[in-house]
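To keep things clear, I will list the structure first and then write my remarks on it.
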Amino acid sequence: MISANNPALTSWLEVPANSDFPIQNLPFGVASTSENDGFVATRIGDVVINLAMLQARGYLSGLPFSFEDFQTKTLNAMMKKGKQANRSLRDRISAIFSNDHDALRFNVEDQALILSTTQAVQMVLPVAIGDYTDFYSSKEHATNVGMMFRDPANALLPNWLWLPVGYHGRSSSIVESGVSVMRPKGQLKNEGQDPVFGPSARVDFELEMGFYTFDGKPLGASISTAEAEDYIFGLSLFNDWSARDIQQWEYVPLGPFLAKNFASSISPWIVTLDALQPYATETPKQEPAVLPYLAFEGKKSYDIALEVYLQPEGGEENRICHSNFKYMYWNMAQQLAHHTVNGCNIRCGDLMGSGTISGPTPDSYGSMLELAWKGTKPLVLSDGSERKFIQDYDTVIMRGFCENGSVRIGFGEVKTQLLPATND
Ligand code: MN
């Protein structure tokens with residue numbers, strides 16, 4: 001077992017009840033303050049821990065990291081050190097803050113340098129994201145979309161059960177939680193009419209998880225399903241904003257383009273794949289049997305409860321979806337094995353989106369398109385208003401957490417307000 005995952009550990013830092021961030025989590029992110037415009041951080045409860053200061057004060061001695069790896073605006077330098085180094089870093093942090101270690105616990109001067117609170121910092125986009133790939137790996141989601149847009153009797157396209165379908169997206173427009181997104185404009189086409197230009201009328205969210213990679217293998221080499229998790233750093237909540245009307249007109253023959261690349265939002269704390277090991281679970285049965293390079297052994301899916309809330313301007317949060325990452329038909333190891341099977345390389349800081357995570361029941365669908373079934377079943381909010389898609393000034397909030405026995409670890413949230421389309 002990874003020592004930082006020990007469920008018996010407690011911290012000398014206070015952890016509020018039901019916190020997403022007990023000592024067993026130790027996610028990584030990048031924080032900034034008015035005095036320090038970027039440092040690598042972790043957190044326990046609502047206390048933010050500055051890793052650059054931990055390093056400077058000698059608490060990380062013997063580990064393969066320098067002060068410069070942490071006094072920086074991205075996690076890329078830290079991630080560049082790979083899986084084992086990052087595992088040893090998390091284990092060391094766990095030891096420093098666990099109840100049976102006193103060095104920092106009773107050093108008030110060092111604490112003043114190293115510790116702050118979540119209120120005192122701003123979390124920023126944690127990684128300089130290289131290539132971004134989005135998959136389409138929920139069978140329920142793919143079936144629902146196929147039923148709405150194609151043939152209800154043959155909702156899944158013939159390749160879907162044989163390979164994890166994906167496309168290459170755009171990393172420049174991925175923004176952190178709290179950054180507002182503007183309604184996109186584009187070509188919209190009603191049946192039997194010529195297309196027109198205007199603001200999208202069907203802005204939607206997609207409930208996804210994103211995973212960040214370490215450096216992979218050289219161009220031409222492939223990563224097997226057995227090796228894949230060694231190349232995964234960690235996961236965040238991911239809202240893949242989508243404009244359904246733009247998408248419907250543009251997506252044939254080459255797939256998503258302007259319907260997707262205007263924005264995606266990501267939660268700021270990256271929960272390591274190591275921290276998620278206690279929540280590993282079986283992948284749903286795959287039928288027909290997959291080709292050998294996609295076969296895998298062991299538990300490669302993760303039990304992560306997911307929720308989506310819609311908050312109208314000035315109103316209260318309405319929970320509109322609860323799903324689970326474990327529903328995904330294709331797991332991350334299979335996605336990475338497929339991505340590299342042709343020799344395509346991956347690099348430190350690449351991001352892979354899971355695809356919309358829909359479950360088996362109508363309240364577990366991971367998009368408005370499905371929840372309101374293409375506008376035919378509007379959602380009724382607590383203030384009596386209806387939604388078919390997302391309205392201007394609505395805020396969409398995604399949350400996720402794992403829970404088994406005594407330990408709950410979570411992802412925090414990704415929270416984004418949709419603003420009206422601009423006039424210029
Ligand atoms: Mn997507």
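The numbers here are math on the coordinates, done by the rules we state, and not lab data. Computed from a predicted model, the values in this text were never measured in an experiment. For neighbour counting, all protein chains shown are included, and Cβ atoms are generated from backbone atoms with ideal geometry for every residue, glycine included.
Taking the conditions (1) part of a loop (DSSP other than H, G, I, E, B); (2) surrounded by fewer than 21 Cβ atoms within 10 Å (Cβ to Cβ) in turn, Ala275 satisfies each one other than (2). Within segment 347-399, being crowded, with 22+ Cβ neighbours inside 10 Å, assigned to a loop (DSSP other than H, G, I, E, B) and among the polar types (S, T, N, Q) holds for Ser354, Thr356, Ser358.
Looking across segment 241-254, the residues that are within 11 Å of the ligand (Cβ to nearest atom) and either over 18 Å from the mean Cα position of the chain (by Cα) or of a type outside the set (A, V, I, L, M, F, W, C) (or both) come down to Ser242, Gln247.
Just a yes or no: is a residue in segment 166-178 of a type in the set (A, V, I, L, M), more than 18 Å from Trp330 (Cα to Cα) and touching a Ser or Thr at 6+ places or on another chain (Cβ under 6 Å)? Within segment 166-178 (the criterion being of a type in the set (A, V, I, L, M), more than 18 Å from Trp330 (Cα to Cα) and touching a Ser or Thr at 6+ places or on another chain (Cβ under 6 Å)), the answer is yes, since at least one residue qualifies. Name the residues in segment 152-208 that are in contact (Cβ under 8 Å) with a residue 60 or more places away in the chain, within 22 Å of Leu237 (Cα to Cα) and in a strand (DSSP E or B), would you? Once the filter is applied, which keeps residues that are in contact (Cβ under 8 Å) with a residue 60 or more places away in the chain, within 22 Å of Leu237 (Cα to Cα) and in a strand (DSSP E or B), segment 152-208 yields Gly166, Tyr167, Ile174, Val175, Glu176, Val181, Met182, Val203, Asp204, Glu206, Leu207, Glu208.
Of all residues in segment 100-118, those satisfying the criterion of being over 24 Å from Asp20 (Cα atoms) and either surrounded by 16 or more Cβ atoms within 10 Å (Cβ to Cβ) or of a type in the set (Val, Ile, Thr) (or both) are Val108, Asp110.
Take Val15 and tell me if it is within 22 Å of Lys83 (Cβ to Cβ), touching a Pro at 6+ places or on another chain (Cβ under 8 Å) and not hydroxyl-bearing (Ser, Thr, Tyr). Steps first, answer last, please.
Details: within 22 Å of Lys83 (Cβ to Cβ): no; touching a Pro at 6+ places or on another chain (Cβ under 8 Å): yes; not hydroxyl-bearing (Ser, Thr, Tyr): yes.
It is false that Val15 is within 22 Å of Lys83 (Cβ to Cβ), touching a Pro at 6+ places or on another chain (Cβ under 8 Å) and not hydroxyl-bearing (Ser, Thr, Tyr).
Being aromatic (Phe, Trp, Tyr), away from the ligand (no atom under 16 Å from the Cβ) and in contact with a strand residue (DSSP E or B) (Cβ under 6 Å, 6 or more places away or on another chain) is true for just one of Phe211, Phe238, Phe233. Which residue is that? After applying the criteria, what remains is Phe233.
Summed over segment 36-59, residues that are assigned to a strand (DSSP E or B) and either more than 28 Å from Lys80 (Cβ to Cβ) or free of Cβ contacts under 8 Å to residues at least 24 places away in the same chain (or both) total 0.
Is it the case that segment 138-160 has a residue that's buried (at least 18 other Cβ atoms within 10 Å of the Cβ), more than 16 Å from the ligand (Cβ to nearest atom) and β-branched (Val, Ile, Thr)? Before the answer, list the steps.
In the first step, residues of segment 138-160 are kept if they are buried (at least 18 other Cβ atoms within 10 Å of the Cβ); the result is 138-142, 144-145, 160.
Add one more test, that the residue is more than 16 Å from the ligand (Cβ to nearest atom), and what stays is none.
The answer is no, given that none of the residues of segment 138-160 is buried (at least 18 other Cβ atoms within 10 Å of the Cβ), more than 16 Å from the ligand (Cβ to nearest atom) and β-branched (Val, Ile, Thr).
How about segment 53-87: which of its residues are polar (S, T, N, Q) and under 23 Å from the mean Cα position of the chain (by Cα)? Give the derivation first.
First, the residues of segment 53-87 that are polar (S, T, N, Q): 55, 61, 66, 71-72, 74, 76, 84, 86.
Within segment 53-87, Thr72, Thr74, Asn76, Gln84, Asn86 qualify.
If you go through segment 291-298 one residue at a time, do you hit one that is surrounded by 14 or more Cβ atoms within 10 Å (Cβ to Cβ), closer than 24 Å to Ser367 by Cα and touching a residue at least 60 places away in the same chain (Cβ under 8 Å)? No; the residues of segment 291-298 include none that is surrounded by 14 or more Cβ atoms within 10 Å (Cβ to Cβ), closer than 24 Å to Ser367 by Cα and touching a residue at least 60 places away in the same chain (Cβ under 8 Å). Looking only at segment 87-97, decide whether some residue is among the polar types (S, T, N, Q), crowded, with 18+ Cβ neighbours inside 10 Å and more than 20 Å from Gly234 (Cα to Cα). Among the residues of segment 87-97, not one is among the polar types (S, T, N, Q), crowded, with 18+ Cβ neighbours inside 10 Å and more than 20 Å from Gly234 (Cα to Cα), which makes the answer no. Scanning segment 22-35 for residues that are within 18 Å of Pro126 (Cα to Cα) and in contact (Cβ under 8 Å) with a residue 24 or more places away in the chain yields a count of 9.
Across segment 400-411, the number of residues qualifying as of a type in the set (D, E, K, R) and either in a loop (DSSP other than H, G, I, E, B) or more than 13 Å from Val271 (Cβ to Cβ) (or both) comes to 1.
When residues in segment 255-286 are screened for being within 15 Å of the ligand (Cβ to nearest atom), farther than 25 Å from Thr340 by Cβ and small (Gly, Ala, Ser), 3 of them pass. Filtering segment 335-381 to residues that are of a type in the set (Val, Ile, Thr), under 22 Å from Ser323 (Cβ atoms) and more than 13 Å from the ligand (Cβ to nearest atom) leaves Thr361, Thr376, Val380.
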